[in-house]
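Beneath this line is the structure, given in structure tokens, with notes to follow.
The values are calculated or read from the model by the stated rules, or taken from the named source; none is laboratory data. The shown structure was predicted, so the numbers you read here are calculated from the model rather than taken from an experiment. Note that each Cβ is placed from the backbone with ideal geometry, even for glycine, and that neighbours are counted across all protein chains shown. What goes into the accessible areas is simple: the full protein's heavy atoms, side chains included, and nothing from ligands, DNA or RNA. Shrake-Rupley method; radii C 1.70, N 1.55, O 1.52, S 1.80 Å.
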Amino acid sequence: MAANNRRMSGKKGAQVGSGGKRRRSLEGKGPTPPAEMRKGHAKQRAATAKARRAQGRPAQRRGGKAASELVVGRNPVVEALREGVPASTLYVQQFIDSDERVREALQLAAERGGINLMEAPRPELDRMTNGLNHQGLVLQVPPYEYAHPEDLADAAADEGEDPLIVALDGVTDPRNLGAVVRSVAAFGGHGVVVPERRAAGMTAGAWKTSAGTAARTPVARATNLTRALEAYKKAGIVVVGLAADGDVELGELDALGGPVAIVVGSEGKGLSRLVGETCDFRVRIPMPGGAESLNAGVAAGIVLYEAARRRS
């Protein structure tokens, strides 16, 4: 009877035991795995990236793609084809009055290969170009595939070199971007970083100004340039901003001989506030002639030359 009272006087429902959980909770879980094997650890991510590069597989990071572009008009189309601007399709108006430029465009497209030749009625070309004066020739430039900012540093590491990178802050002229790409290629740099918004992109104009070097010099696009520069700093890359009122003169900066990211602002406005505050050094280029500022292409070329000289 006493036993029945004990069973009935407790909580309602069946009495559930621990099922051995208390005993198992006291057992050890083994030694802590090394950092390279712990999911989410920085060393584990670094080891994974290293293994991916060793196997020759490209990293899954991407800086995104630009929109496709149309080059319109006989002279612009011929110049783009001459300069090796990537192209997917050349549209030619039906019953066009052929001249030297039309014949050269067709010849260049055929010689290069991989460019589709499409004949289209004039109303269709008018629609494609929103009524621009296409003169019967329209060249379609495929979207540019941007790299990720970290890819540039990884490429330098793969080559056993200190990163030499140029970042552009507020540069909106595609010709300046093309000139910087050309200078980076000339002085052994590893690429260019541009912001995703309010900045020049790899348009046909940038390709032309790069004089073909854009084919071998990657351009990365950063969602947030300040964060991209902070990531470079954490990776041991010195961030150097060019400023007319910089604290250090270019020839006095020893950091150019090591891993460095050079930040160039727009002509006139210079570096934005947040980007300027992120830089490790603010450097000025001495100009005895008294010029107030240099455009981005010229300024980047001067600093890249100095960096290449110190590394040689």
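Given a Förster radius of 35 Å and the C-beta distance between Arg309 and Arg112 as r, what FRET efficiency does 1/(1 + (r/R0)^6) yield to the nearest 0.05?
So, using R0 = 35 Å, E works out to roughly 0.40.
For Gly246, which sequence-distant residues (separation of 5 or more, or a different chain) have an amide H within less than 5 Å of its own amide H, given hydrogens modelled in the peptide plane?
Placed amide hydrogens put Arg284 under 5 Å from Gly246.
Rounded to whole Å and sorted largest first, list the principal axis extents of the Cα atoms in region 172-301.
Reported extents, whole Å, longest axis first: 38, 37, 27.
Once phi is turned into ³J(HN,Hα) by the Karplus curve 6.51 cos²θ - 1.76 cosθ + 1.60 with θ = phi - 60°, what whole-Hz value does each residue of region 152-167 show in order, with x for glycine and proline?
Computed from phi, the couplings for region 152-167 are 5, 5, 5, 5, 5, 5, 4, 8, x, 10, 6, x, 10, 10, 10, 10 Hz.
What GluC sites (Glu not before Pro) does region 133-183 have in DSSP loop regions with at most 12 other beta carbons within 10 Å?
Listed in order of number, the matching sites are Glu159.
Let me see the pair-distance distribution of region 77-166: every alpha carbon pair, 10 Å bin width, integer percents in order.
Reading the bins upward from 0: 15, 36, 20, 15, 12, 2.
Please report Rg (one decimal) and Dmax (integer) in Å for the Cα set of region 119-249.
Considering region 119-249 through its Cα atoms, Rg and Dmax are 17.9, 61 Å.
Can you list, largest first and rounded to whole Å, the semi-axes you get for region 85-132 by taking the square root of 5 times each eigenvalue of its Cα gyration tensor?
They are 19, 14, 9 Å, listed largest first.
Any idea what the alpha-carbon Rg over 2.2 N^0.38 Å comes to for region 149-218?
On the way: Rg = 11.6 Å, N = 70, 2.2 N^0.38 = 11.1 Å.
Compared with the compact-globule rule of thumb, region 149-218 sits at 1.05.
Please give the contour-minus-distance gain from Ala186 to Glu100: 0.36 nm per residue of separation, less the Cα-Cα distance, rounded to one decimal in nm. Mind showing how you got there, number by number?
On the way: separation 86, 0.36 × 86 = 30.96 nm, distance 3.40 nm.
Using 0.36 nm per residue and subtracting the Cα-Cα distance, I get 27.6 nm.
Taking just the C-alpha trace of region 142-184, give me its Rg and Dmax in Å.
Here Rg and the maximum Cα pair distance are 12.2, 33 Å.
Seen from all sides and averaged, what is the projected area of the convex hull of the Cα atoms in region 113-154, in nm²?
Directional mean of the projected Cα hull area for region 113-154 stands at 5.1 nm².
Within region 222-265, name every residue whose backbone N is under 13 Å away from a label modeled 7 Å from Cα of Ala157 along the Cβ vector.
232-237
Efficiency by 1/(1 + (r/R0)^6): what FRET value for Ala244 and Leu274, r their Cβ-Cβ distance, R0 = 25 Å, to the nearest 0.05?
Once the sixth-power term is evaluated, E becomes 0.85.
What part of the accessible area of region 142-189, given as a whole %, is carbon or sulfur when the probe is 1.4 angstrom? Before the final figure, lay out each step's value.
Details: 840 of 1920 Å².
Of all accessible area on region 142-189, carbon and sulfur atoms account for 44 percent.
Taking one equal scatterer on every alpha-carbon of region 254-308, how large is log10 of I(q)/I(0) by Debye at q = 0.15, 0.22, 0.25 1/Å?
One equal scatterer on each Cα of region 254-308 leads to -0.45, -0.98, -1.21.
What chymotrypsin sites (Phe, Trp or Tyr not before Pro) in region 77-173 are in a loop by DSSP, with at most 15 other Cβ atoms within 10 Å of the Cβ?
Filter output for region 77-173: Phe95.
Once you order the gyration tensor axes a ≥ b ≥ c over the Cα atoms, which shape class does region 212-252 get: rounded for a/c under 1.5, otherwise prolate or oblate by comparing a/b with b/c?
Oblate, since a/c reaches 1.5 and b/c is not below a/b.
In nm, give the distance between the simple-model label positions of Thr129 and Glu83, each being 7 Å from the Cα along the Cα-to-Cβ direction.
The answer from the label model is 1.8 nm.
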